[in-house]
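*Asks:* Got a structure for you, questions after.
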Amino acid sequence: MSGRFVVVGAGTMGLGIAYVAAGAGYAVELVEVDPERGAGAVRRVGELWERGVQRGKLTAEQATANRERVTLRAGLAEVAEGPDVIVEAVPERLDLKRSVLREAEARRPALLSSNTSSIPIAELADGLDRPADFLGLHFFNPVWAMALLEIVVGPATAAGTTEAAVALAGRLGKDPVVVRDMPGFATSRLGVTLGLEAIRMVADGVAAPADIDKAMVLGYRHPVGPLELTDLVGLDVRLDIARTLQAAYGDRFAPPPLLVEMVAAGKLGKKSGQGFYTWKGGVKQ
Ligand code: NAD
């Protein structure tokens, strides 16, 4: 299978989406403005396939072919017109996303999408010439391990675009849910609620982070506790989402002061080595 798949932003999500798309046979262009992050992401996807070879999941030839299908680009201007798919995965900021999406639309993709966790698709579509071709493709972290793809249908999204997104989910090996365009969609609204309350509980001294997490894992059968999940997602990412949801639904989503303080102190979770837990070499201590 062939086709061209462009991912904008080679952060936590962008590299995972690039990995899955290349594994599904797409020629992937990974657009990243920070050269170090870009090079790091390409290295990381190579390591993931390497690990796959060691585990017997794919052959060394397949790993090489997958790696060769990923090309790093320094900007959208370097992307030729007419890709099948563009997924925008830059930080969760409306102005930044809008400007990236306008630039992405000018590359004339068949399907234009955003991996936003919480910003309404209608707001992101403002300023696009072809909002009918645009929707949300909300992947989950880590993209290679998480089966869910939340397809977010904006008010201007054409039915054919949604159908194309459902077909794309199948090709990428993902299981889709189609949701209406409401802030936080189905997943973030519920997941962030739990995360924010767990952070307030830490601040209140209800229990240690590990015990709050254990309570949800053993008591409610969650595969991972809300604080560890916050560390995995990134405290800065969760803070951005909380602020977006606060603007939409009011102060029930107001970020707890502890979250704001931790982000200001650079405690961003797994990616910075410190969050509610200490992380070394990507492993929780
Ligand atoms: P991240 O900060 O890890 O990565 C974003 C990347 O985009 C960075 O490498 C940054 O340099 C790059 N970037 C910024 N401006 C750019 C531009 N103009 N062109 C190209 N690259 C640019 O963020 P992330 O955690 O990968 O999140 C990306 C998006 O995915 C956000 O909208 C977030 O809400 C959403 N999301 C995140 C998660 C998660 O668990 N982290 C899960 C689902 C959805």
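*Asks:* Looking for something surrounded by fewer than 22 Cβ atoms within 10 Å (Cβ to Cβ) and within 17 Å of the chain's Cα centre (by Cα) - is there at least one such residue anywhere in the range 123-138?
*Replies:* Checked against the condition, which is being surrounded by fewer than 22 Cβ atoms within 10 Å (Cβ to Cβ) and within 17 Å of the chain's Cα centre (by Cα), the range 123-138 yields no hits at all.
*Asks:* Among the residues that make up the range 87-101, is at least one of them away from the ligand (no atom under 14 Å from the Cβ) and not hydroxyl-bearing (S, T, Y)?
*Replies:* Within the range 87-101, not a single residue is away from the ligand (no atom under 14 Å from the Cβ) and not hydroxyl-bearing (S, T, Y).
*Asks:* Separate question: Taking the range 159-171 on its own, how many of its residues are among the hydrophobic types (A, V, I, L, M, F, W, C) and buried (at least 16 other Cβ atoms within 10 Å of the Cβ)?
*Replies:* Qualifying residue count for the region: 4.
*Asks:* Hey, L111 hits all of (1) within 11 Å of the ligand (Cβ to nearest atom); (2) in contact with a helix residue (DSSP H, G or I) (Cβ under 6 Å, 6 or more places away or on another chain) but one; which does it fall short on?
*Replies:* Status for L111: all satisfied but (1).
*Asks:* Then there's this: Given the options E29, E78, E61, E68, name the one that is charged (D, E, K, R) and surrounded by 16 or more Cβ atoms within 10 Å (Cβ to Cβ).
*Replies:* Exactly one residue qualifies, and that residue is E29.
*Asks:* State whether one or more residues within the range 188-210 are part of a loop (DSSP other than H, G, I, E, B) and closer than 25 Å to P120 by Cα.
*Replies:* no
*Asks:* Tell me which helices (runs of 4 or more DSSP H) are completely within the range 1-88 and hold 2 or more residues being within 20 Å of S114 (Cα to Cα), or say none if there are none.
*Replies:* Per the criteria, 12-23, 35-54.
*Asks:* Just the residues that are within 20 Å of the chain's Cα centre (by Cα), closer than 17 Å to V260 by Cβ and not aliphatic (A, V, I, L, M), please, taken from the range 201-234.
*Replies:* T230, D231, G234 - these are the residues of the range 201-234 that are within 20 Å of the chain's Cα centre (by Cα), closer than 17 Å to V260 by Cβ and not aliphatic (A, V, I, L, M).
*Asks:* Right, next: Of everything in the range 190-204, what is free of Cβ contacts under 8 Å to residues at least 60 places away in the same chain and under 30 Å from T161 (Cβ atoms)? Give them in sequence order.
*Replies:* L190, G191
*Asks:* If you don't mind, there's one more thing I want to ask. Kindly provide the set of residues from the range 203-245 that are crowded, with 20+ Cβ neighbours inside 10 Å, among the β-branched types (V, I, T), at pLDDT 95 or above and in contact with a Pro (Cβ under 9 Å, 6 or more places away or on another chain), ordered by number.
*Replies:* Of everything in the range 203-245, just one residue is crowded, with 20+ Cβ neighbours inside 10 Å, among the β-branched types (V, I, T), at pLDDT 95 or above and in contact with a Pro (Cβ under 9 Å, 6 or more places away or on another chain), namely I212.
*Asks:* Right, something else. Just give me the residues in the range 129-142 being over 18 Å from A186 (Cβ atoms) and within 16 Å of the ligand (Cβ to nearest atom), in sequence order.
*Replies:* Across the range 129-142, the qualifying residues are F134, P142.
*Asks:* Before we move on, is P131 assigned by TED's automatic domain parsing to the domain that holds R108 and at pLDDT 95 or above?
*Replies:* yes
*Asks:* Could you list, in sequence order, all residues of the range 175-186 that are in contact (Cβ under 8 Å) with a residue 60 or more places away in the chain, out of contact with any His (no Cβ under 7 Å at 6 or more places or on another chain) and buried (at least 16 other Cβ atoms within 10 Å of the Cβ)?
*Replies:* Listed by number, the residues that qualify are D181, P183, G184.
The values are calculated or read from the model by the stated rules, or taken from the named source; none is laboratory data. None of these values were measured; they are calculated from a predicted model. Neighbour counts run over all protein chains shown; Cβ positions are idealised from the backbone, glycine included.
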